[in-house]
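Okay, structure first, notes after.
None of the figures in this text is laboratory data; all of them are computed from the coordinates on show. The shown structure was predicted, so the numbers you read here are calculated from the model rather than taken from an experiment. Please note: Cβ atoms are built from the backbone with ideal geometry, for glycine as well, and neighbour counts cover all protein chains shown.
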Amino acid sequence: MLDRREIFNRFASCYAAPKLVELARMLGVTPKLIDHWKSGRAPIPWKKLKTLVHEQDLRWDWLIEGKEPKHQIRTTKEPEQPFDRHGINERFLSLFPDCSNAKLGKELGVRDTTVFKWRHDMEQVAWERLKHAVDTKGVTWEWLLDG
């Protein structure tokens, strides 16, 4: 299971903001939202995570699960691709070929309407479901989140 508080701690450690209010200002969000991220009540949006990963050449495995090494070794700096919720949902759903919404919902413990929302990009696949794919389907965070 993913610990949102640990993800926040790793995320926040990458910024030179000694106070949460300064971190909020840097990220263009409210201090209350930062508090929600820190306490684990709300996940940090994937778009914010992706920006950090790209800017600091971080590995998704480190940011999401704390697995070393922290940084990617790249010979050239690739331009950041825009955040693509559709791509994340599409890659995740491709791991379950020919599953109906009802069958996939049952397998993952979610409602079939949730799977419908994923298929039509009305909702982002939840972190916990992505973690399930990383743990059971032999895929990496990098593939799921960046393609």
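The table below gives the values:
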| item | result |
| --- | --- |
| 20 Å Cα-Cα threshold exceeded, pairs from K47/K103; K106/K131; K50/K137; K47/K131; K48/K137; K48/K70 | K47/K103; K50/K137; K48/K137 |
| Summed residue charge, Cβ within 14 Å of L63's Cβ, Lys/Arg positive, Asp/Glu negative | +1 |
| Under 5 Å, built H, 5+ apart or other chain: amide partners of L58 | Q72 |
| Per-residue ³J(HN,Hα) for the range 96-113, Karplus 6.51 cos²θ - 1.76 cosθ + 1.60, θ = phi - 60°, Hz, x for Gly and Pro | 10, x, 6, 9, 6, 4, 5, 5, 5, x, 5, 4, 9, x, 10, 6, 5, 5 |
| Of T114, H132, L95, farthest towards positive along the dipole that unit charges on Lys, Arg, Asp, Glu beta carbons give the range 85-146 | T114 |
| Binned Cα-Cα distance frequencies in the chain - 10 Å width, integer % | 10, 38, 35, 15, 2 |
| Helix 4-13 vs. the chain, principal-axis angle (Cα, 0 to 90°, nearest 10) | 40 degrees |
| Low-density loop positions, GluC sites (Glu not before Pro), the range 48-147 - DSSP coil, at most 12 other Cβ in 10 Å | E80 |
| Sequence of V139, V115 once ranked by neighbouring C-beta atoms within 10 Å, starting from the fewest | V139, V115 |
| Loop sites in the range 1-100: trypsin sites (Lys or Arg not before Pro), DSSP, at most 13 other Cβ within 10 Å | K19, R41, K67, R74, K77 |
| Note, ³J(HN,Hα) from phi for the range 133-147, Karplus 6.51, -1.76, 1.60, rounded to Hz, x at Gly and Pro | 5, 4, 6, 10, 10, x, 10, 9, 4, 4, 5, 4, 9, 10, x |
